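One structure is given below, encoded as structure tokens.
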Ligand SMILES: [Zn+2]
């Protein structure tokens, strides 16, 4: 089993080199080149198809989905890419049962977006080589008949030609964690900008790392490429597919790193290959060896005209850009002194971040900006996220937090009220008013309640008078009980001491 800590031999002798390829299905209504619905999850197989996405001969010409292109540009803008002013679609030829036409419509030279970067939460910059639009392939499932042992493919074309964005990094990732963090960041950007849900379990996002290990000092990273020094021969790359979660991105790289180092140390030859991630066993397994330069015979697609992207188009699309989680984290820390951990958790989804910001704004009407942010952060991190529900009305939550700040309720009482409101639909505002009233009553009658308590606990009173000071705690507890926990313990203690002196 690979360990999370690199082996000593690794840190001394080898460097890890990773490039990541990410495919994201965009949130469009229809497919990339036809009007079939793009949402296929749990739909009857082969019910959302037409001659275009089935790749039938004599099918109508493909029509490019404008929104899919816009979302690809938006992804490019969100990741600091240059945007090309022309889109050239190519046919990428290969033979596979899930490929309807015998080619996939993709891009080749001059990808729509290029030379961008993303900063991970740890501030590591990951360079992006290219981002381009393309179409998804059909879904194929392999079956073996139990009785006869015969095996066959079933193909569902509902997924065929669903719009995809392909994101390719430069081979600049040096640790498994950076790869995981990059994938997380890309998914956050896709979600923040409504490009995609990026649900890996549903196949809306797929990550394929390219992994190699090289001897330390024998290579350099130059112009976005790994170049050997002197006569060093670079070790081949391994591509890992079938990764079903972001955690598995990290795990598969850790596994491959250890496996490759072991190969080299044992004098085994490494061949360039594609391996699949086996999530049950936490290992990669051999799938197929890869020819050095795969010949996809890219040819310009004669059915799709060159599409122009004007600066007005880019301007219009950039209006959809919003403050992303990384920028939020920086702002929360800088302006409000929020801890890095809290800032990361709060900004991990747009919904959380917006809720936090609204709450902070409401609270800052009564508290200072920083105090408001701190209280909002504490309540979200400590209570609201634990309850896992952002349906609590911001105005109500503000009242509750202010009641806590003003000593009217304890934090525990506040949490109790919140849960009661969510589970039993209790009105937070009314609950708080009730408590406030009771509290005022108690304050008015505290002397009477203390007097009664003294009268009814003569033994404890005598013990206290006799010098056993610890009994005071018991008496405070009794008074608290008689006020149903609404009194302020400090007030109770003070009043008790006063009364006992009389
Ligand atoms: Zn179709």
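The values are calculated or read from the model by the stated rules, or taken from the named source; none is laboratory data. Small disclaimer: the values here were computed from a predicted structure and weren't measured. Don't worry about glycine lacking a Cβ; one is built from the backbone with ideal geometry, like all the others, and counts go over all protein chains shown.
Does residue 161 qualify as being in contact with a strand residue (DSSP E or B) (Cβ under 8 Å, 6 or more places away or on another chain), in a strand (DSSP E or B) and closer than 25 Å to residue 298 by Cα?
Working: in contact with a strand residue (DSSP E or B) (Cβ under 8 Å, 6 or more places away or on another chain): yes; in a strand (DSSP E or B): no; closer than 25 Å to residue 298 by Cα: yes.
Considered against the rule, which asks whether it is in contact with a strand residue (DSSP E or B) (Cβ under 8 Å, 6 or more places away or on another chain), in a strand (DSSP E or B) and closer than 25 Å to residue 298 by Cα, residue 161 comes out as no.
In the stretch 341-390, the qualifying residues are those that are without any contact (Cβ under 8 Å) to a residue 12 or more places away in the chain and over 18 Å from residue 404 (Cα atoms), and the one that is surrounded by the fewest Cβ atoms within 10 Å (Cβ to Cβ) is 388.
Among the residues making up the stretch 148-158, those that are away from the ligand (no atom under 15 Å from the Cβ) and not in a loop (DSSP other than H, G, I, E, B) are 151, 152, 153, 154.
The C-beta contact set for the stretch 35-51 (first residue in contact (Cβ under 8 Å) with a residue 24 or more places away in the chain and more than 19 Å from residue 154 (Cα to Cα), second residue part of a loop (DSSP other than H, G, I, E, B) and away from the ligand (no atom under 11 Å from the Cβ), distance under 6 angstrom, 6+ apart or interchain) comprises 38/28.
Out of 498, 462, 457, which single residue is farther than 24 Å from residue 363 by Cβ, over 47 Å from the mean Cα position of the chain (by Cα) and surrounded by 14 or more Cβ atoms within 10 Å (Cβ to Cβ)? Spell out how you get there, then give the answer.
Values: 498 fails: surrounded by 14 or more Cβ atoms within 10 Å (Cβ to Cβ); 462 fails: surrounded by 14 or more Cβ atoms within 10 Å (Cβ to Cβ).
Answer to the check: 457.
Screening 194, 231 for residues that are touching a helix residue (DSSP H, G or I) at 6+ places or on another chain (Cβ under 9 Å) and part of a loop (DSSP other than H, G, I, E, B) leaves exactly one candidate, 194. Taking the criterion of being away from the ligand (no atom under 14 Å from the Cβ), assigned to a loop (DSSP other than H, G, I, E, B) and in contact with a strand residue (DSSP E or B) (Cβ under 7 Å, 6 or more places away or on another chain), the residues of the stretch 46-83 that qualify are 79, 80, 81.
Among the residues examined, residue 28 qualifies as within 26 Å of residue 246 (Cα to Cα) and within 15 Å of the ligand (Cβ to nearest atom).
Have a look at 401, 409 and point out the one that is buried (at least 21 other Cβ atoms within 10 Å of the Cβ) and modelled with pLDDT under 90.
Numbers: 401 fails: modelled with pLDDT under 90.
None of the other options fit; the residue is 409.
Counting only helices (runs of 4 or more DSSP H) that sit completely within the stretch 349-412, those holding 3 or more residues that are out of contact with any strand residue (DSSP E or B) (no Cβ under 6 Å at 6 or more places or on another chain) and closer than 30 Å to residue 199 by Cβ correspond to 350-363, 369-379.
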